[in-house]
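Everything below concerns the one structure shown next.
The values are calculated or read from the model by the stated rules, or taken from the named source; none is laboratory data. Only a predicted model underlies this, so the values are computations on that prediction, with no experimental measurement involved. Cβ sites come from the backbone with ideal geometry, for glycine too, and all protein chains shown count toward neighbours. These area figures cover heavy atoms from the full protein model, side chains too; ligands, DNA and RNA do not enter into them. Shrake-Rupley method; radii C 1.70, N 1.55, O 1.52, S 1.80 Å.
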Amino acid sequence: MEVWAMIAVLAHFLNAVTAIIDKHIVSNKVMKPVVYAFYSGVFQILYLLAIPILAAVWPEMAFRFPSWELFALATFAGALFIFALAVFYKAMQMGEVSRVTPIVGISTPIFTYLISVSLVGAALEPEQLRAFVLFVAGGFLMSVKITRGRITHMKGILAAIFAGMLFASYYAIINYLFDNVGFLDAFMIIQFGGFVGAVLLLIPPKNREAVFNMKDEENDIIENKKSGALFV
């Protein structure tokens, strides 16, 4: 197996673990989806603390500022990821984790493929396209319920599909950034963008109220050490 494939499998395994934790947090009213997305993004600013450390330990890995256009694009990508998380958490709250995740999992590559074809003309080979169709079909079957011959969709399917579209846009942008900026430099700016996205979530008054006026039972994620550790 190729190294990149092994890394991708490991990444999806970690995603599965975090998805279960996400479902626990947003389903038990420990934290509302928008609040969870806000804190997930606002703490990304801590990544920037690694910049001087890396520069001191490995001078060749010192942060290199790209052009302002690429900086703006990376910042937008980071904010977009936080918006995608907010929609994903909402879908998780509405549906079952074992059904929401496959919907996001199949809609993301669909939109990624459409974006790639439209922007760079990166179409799949016939064999790859057949595998892609089987993958999508399998994810669809995992997301539906078949009871007495009737097929019913899960709750929150539209939110899950929309989250997949946002994630696909994010992946397409960061792929471009990693090719033109470099992994570490682009990664750091994307984390800054995540912080910006978290701040932008505060624009709607209802979101500010949810973040700054959390009810006691919703504040358990911060006050309770065990739940706090899960959040981190």
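I need the full set of residues from the range 177-206 which are more than 14 Å from Ala37 (Cα to Cα), touching a residue at least 12 places away in the same chain (Cβ under 8 Å) and open to solvent by 70 Å² or more (accessible area, probe 1.4 Å), in order please.
Selection gives Asn180 alone.
Go through the range 51-98 and count every residue that is of a type in the set (D, E, K, R) and over 22 Å from Ser169 (Cα atoms).
3
Go through the residues of the range 31-48 one by one and say whether even a single one is outside any helix (DSSP H, G or I) and closer than 21 Å to Val232 by Cβ.
Here is the first cut: in the range 31-48, the residues outside any helix (DSSP H, G or I) are 31-32.
Those still in the list that are closer than 21 Å to Val232 by Cβ too: 31-32.
For the range 31-48, residues outside any helix (DSSP H, G or I) and closer than 21 Å to Val232 by Cβ: present.
Looking at the range 161-232, what helices (runs of 4 or more DSSP H) fall wholly within it and have at least 3 residues that are at pLDDT 90 or above, under 17 Å from Leu48 (Cβ atoms) and small (Gly, Ala, Ser)? It would help to see each step written out before you state the result.
Values: elements: 183-200, 205-212, 220-223, 225-231.
Counting at least 3 such residues, we get 183-200.
Taking Phe135 and the conditions (1) surrounded by fewer than 18 Cβ atoms within 10 Å (Cβ to Cβ); (2) hydrophobic (A, V, I, L, M, F, W, C); (3) at pLDDT 80 or above; (4) part of a helix (DSSP H, G or I), which numbered condition does it fall short on, given that it satisfies the others?
Here Phe135 clears every test but (3).
Looking at Phe65 and the list (1) part of a loop (DSSP other than H, G, I, E, B); (2) hydrophobic (A, V, I, L, M, F, W, C); (3) within 19 Å of Phe231 (Cα to Cα), which single condition is not satisfied?
Of the numbered conditions (1) part of a loop (DSSP other than H, G, I, E, B); (2) hydrophobic (A, V, I, L, M, F, W, C); (3) within 19 Å of Phe231 (Cα to Cα), the odd one out for Phe65 is (3).
Looking at the range 25-47, which of its residues are open to solvent by 50 Å² or more (accessible area, probe 1.4 Å) and not hydroxyl-bearing (Ser, Thr, Tyr)?
Asn28, Lys29, Lys32, Phe43, Ile45, Leu46
Please find, among Leu80, Leu85, Leu73, Leu119, the residue that is touching a residue at least 24 places away in the same chain (Cβ under 8 Å), open to solvent by less than 60 Å² (accessible area, probe 1.4 Å) and more than 14 Å from the chain's Cα centre (by Cα).
Details: Leu80 fails: more than 14 Å from the chain's Cα centre (by Cα); Leu85 fails: more than 14 Å from the chain's Cα centre (by Cα); Leu119 fails: open to solvent by less than 60 Å² (accessible area, probe 1.4 Å).
Exactly one residue qualifies, and that residue is Leu73.
Within the range 97-116, can you find the residues that are touching a residue at least 60 places away in the same chain (Cβ under 8 Å) and out of contact with any Lys or Arg (no Cβ under 7 Å at 6 or more places or on another chain)?
Listed by number, the residues that qualify are Val100, Thr101, Ile103, Val104, Ser107, Thr108, Thr112.
So is Gly182 more than 15 Å from the chain's Cα centre (by Cα), more than 18 Å from Thr108 (Cβ to Cβ) and not hydroxyl-bearing (Ser, Thr, Tyr) or not?
Details: more than 15 Å from the chain's Cα centre (by Cα): yes; more than 18 Å from Thr108 (Cβ to Cβ): yes; not hydroxyl-bearing (Ser, Thr, Tyr): yes.
In short, yes.
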